[in-house]
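J.: My structure is below; once you've seen it, I'll send some questions.
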Amino acid sequence: MTETVKNPLRVTSWRFWLVVLLCLPALVVGWLVVLLAMLCGLARFAPSLDAELPFVLTVPWRDWFAKVWKYSTTISFGMGIHPRSGVRTQKHERVHVRQVIDRSLLAGVLALIALPVDPWLSLGLWVSAPVWQLPNFLGVLVRGDGHIYRDAQHERSAYAQTDEKDRGATSWLDDHTSRPRGW
């Protein structure tokens, strides 16, 4: 039985084009990273658009690189997928893309609000959207909360959203040794 993908962002939808426009800087960064990964030989020359999020460019890692880098990775709107990653991992990576979309939309809206005040500030807000996830890592360092990547809120959120606890599997959050202290 195949799972039907509910996708409100069809290419023919006005929402799709609004998201693309407001998220354009992050989209360009993600696609450039994927292109660079292919040109450097880290990923196969087999890019595809994601079925669920049609503006996300995905590439499979080359076998030699997958032995060195054992993770699937998302940078903005580009995903490098480990050859042995399962459906859960790909869902996890899509959560990261949605987080990028949320931050990019926020940057786009703030840029529109700032446009009448200062066009350069507006442009700076819009173009800086791809780096808006970096404060998550800084937050872990400031709190002294544990591992700089695994304990960042965006990563914990992605694991929680793809948790398989309801299917009898253990929860990543339950198994994780680091807990937020006082936050």
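The values are calculated or read from the model by the stated rules, or taken from the named source; none is laboratory data. Bear in mind that the values here come from a model prediction, so they are computed numbers and not experimental data. Positions of Cβ are generated from backbone atoms using ideal geometry, with glycine treated the same way; all protein chains shown enter the neighbour counts.
J.: Identify, from the list PRO47, PRO60, the residue that is farther than 23 Å from SER128 by Cβ, modelled with pLDDT under 90 and not aliphatic (A, V, I, L, M).
T.: PRO47
J.: Still on this structure: Find all pairs meeting these conditions: Cβ atoms under 6 angstrom apart; at least six residues apart or on different chains; first residue within the stretch 110-133 and within 22 Å of HIS154 (Cβ to Cβ); second residue of a type in the set (Phe, Trp, Tyr) and buried (at least 17 other Cβ atoms within 10 Å of the Cβ).
T.: Matching pairs, first to second residue: ALA111/TRP126.
J.: Any residue in the stretch 10-30 that is at pLDDT 85 or above, basic (Lys, Arg) and out of contact with any Gly (no Cβ under 9 Å at 6 or more places or on another chain)?
T.: For the stretch 10-30, residues at pLDDT 85 or above, basic (Lys, Arg) and out of contact with any Gly (no Cβ under 9 Å at 6 or more places or on another chain): absent.
J.: Same structure again: Please pick out the residue among VAL117, VAL109, VAL140 that is of a type outside the set (D, E, K, R) and not in a helix (DSSP H, G or I).
T.: VAL117
J.: Go through (1) over 27 Å from ASP151 (Cα atoms); (2) surrounded by 14 or more Cβ atoms within 10 Å (Cβ to Cβ); (3) touching a residue at least 60 places away in the same chain (Cβ under 8 Å); (4) not charged (D, E, K, R) one by one and return the number of the condition LEU105 breaks.
T.: (1)
J.: Assess whether GLY80 counts as being over 21 Å from LEU18 (Cα atoms), loosely packed, with under 12 Cβ neighbours inside 10 Å and not aliphatic (A, V, I, L, M).
T.: no
J.: A further question follows. Could you please find all residues in the stretch 63-77 being buried (at least 20 other Cβ atoms within 10 Å of the Cβ) and part of a helix (DSSP H, G or I)?
T.: Scanning the stretch 63-77 gives a single hit, ALA66.
J.: Within the bounds of the stretch 131-154, is there any residue that is surrounded by fewer than 16 Cβ atoms within 10 Å (Cβ to Cβ), at pLDDT 90 or above and touching a Phe, Trp or Tyr at 6+ places or on another chain (Cβ under 8 Å)?
T.: There is no residue in the stretch 131-154 that is surrounded by fewer than 16 Cβ atoms within 10 Å (Cβ to Cβ), at pLDDT 90 or above and touching a Phe, Trp or Tyr at 6+ places or on another chain (Cβ under 8 Å).
Residue by residue, here is whether (1) basic (Lys, Arg); (2) surrounded by fewer than 20 Cβ atoms within 10 Å (Cβ to Cβ); (3) assigned to a loop (DSSP other than H, G, I, E, B); (4) in contact with a His (Cβ under 7 Å, 6 or more places away or on another chain) holds:
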| site | (1), (2), (3), (4) |
| --- | --- |
| VAL33 | no, no, no, no |
| LEU36 | no, yes, no, no |
| ALA46 | no, yes, yes, no |
| PRO54 | no, yes, yes, no |
| LYS91 | yes, yes, no, no |
